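The values are calculated or read from the model by the stated rules, or taken from the named source; none is laboratory data. The shown structure was predicted, so the numbers you read here are calculated from the model rather than taken from an experiment. When we count neighbours, we look across all protein chains shown, and the Cβ atoms used for this are built from the backbone with ideal geometry, even at glycine. The area values use the complete protein model at the heavy-atom level, side chains included, leaving out ligands, DNA and RNA. Shrake-Rupley method; radii C 1.70, N 1.55, O 1.52, S 1.80 Å.
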Amino acid sequence: MSAQAPLPGTRVRITLSDRPGDQAVVRVIAAPRRDLAHGGRLSPALAPFADALLVDVSVAGTTLLPGAWVEREVLERGAPIAPTPVTAADLRPPAVIAGSSERAALCWGETVWPLELGGVVAIPDSARAGPHPLSRLRRLVLVAGGRRSEIGLTLWRDPGFEIPWQDVRLLPRAAAWFELAQVPPGMRYADAERAQRVGRARPFS
């Protein structure tokens, strides 16, 4: 692949194990600098992912990761397959927590929700911003598919190991974090954009 970011809808297959046909499909949803910038500028909430790609990941037609930030090597090392269209509804970015427990915010795509943690609630590393390299993405797909026991690393198989989702939505107590951030129950990402008038709901965009 060239230095130019792959277009939305670009897809590759990645291998999950040595078993024939055991693969996942990674589809590009957006490249921040090209697809999510406004007036040539990227939202501060998206700055940690400026050089990453937003993708979704499916296995056998089932979406296991509805939105994940990945490093470009994932696309570079995958096996290309035919692209598929991407719609506005496919933009389902992860949510991450920025700041300290004294002053934190839940950053869900371009929307930012202040978090009142009182300086006493620890923020798990698995909720911090960070795009996934291919090695970690492969393991996350196995975990999401209920195949944690198949991961070769003993650390990952330990029930006490904190899975590095880098996405609040996938944490064990995800709803509690969204409640702390006062995100209305049942809110979709498109609704969040409209509520804060950012992203696709930005005035005059």
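Structure notes:
- In terms of accessible area, using a 1.4 Å probe and ignoring ligands and nucleic acids, VAL121, VAL55, VAL25 rank largest first as VAL121, VAL25, VAL55.
- Once all protein chains are placed together, TRP69 keeps about 10 Å² accessible to a 1.4 angstrom probe.
- When the helices of the chain are scored as -39500 (n - 2.57) per DSSP H run of n ≥ 4 and the total is divided over every residue, the value at 222 nm lands at -4500 deg cm²/dmol.
- Model label sites at ALA60 and GLU102, defined 7 Å from Cα along the beta-carbon direction, differ in position by 5.1 nm.
- Virtual spin-label span in nm between ALA201 and ALA174, 7 Å along Cα→Cβ: 2.0 nm
- The three principal axes of the Cα atoms in the chain give end-to-end lengths of 48, 43, 29 Å, sorted in falling order.
- Exposure of ASP158 as accessible area (Å², to 10), given a probe of 1.4 Å and all protein chains: 80 Å²
- With the simple model of a label 7 Å out from the Cα in the direction of the Cβ, VAL121 to LEU155 spans 2.8 nm.
- Computed from backbone phi with θ = phi - 60° and the Karplus coefficients 6.51, -1.76 and 1.60, the 3J(HN,Hα) list for the stretch 159-165 is x, x, 6, 7, 5, x, 5 Hz; x is used for glycine and proline.
- Exposure of LEU153 as accessible area (Å², to 10), given a probe of 1.4 Å and all protein chains: 80 Å²
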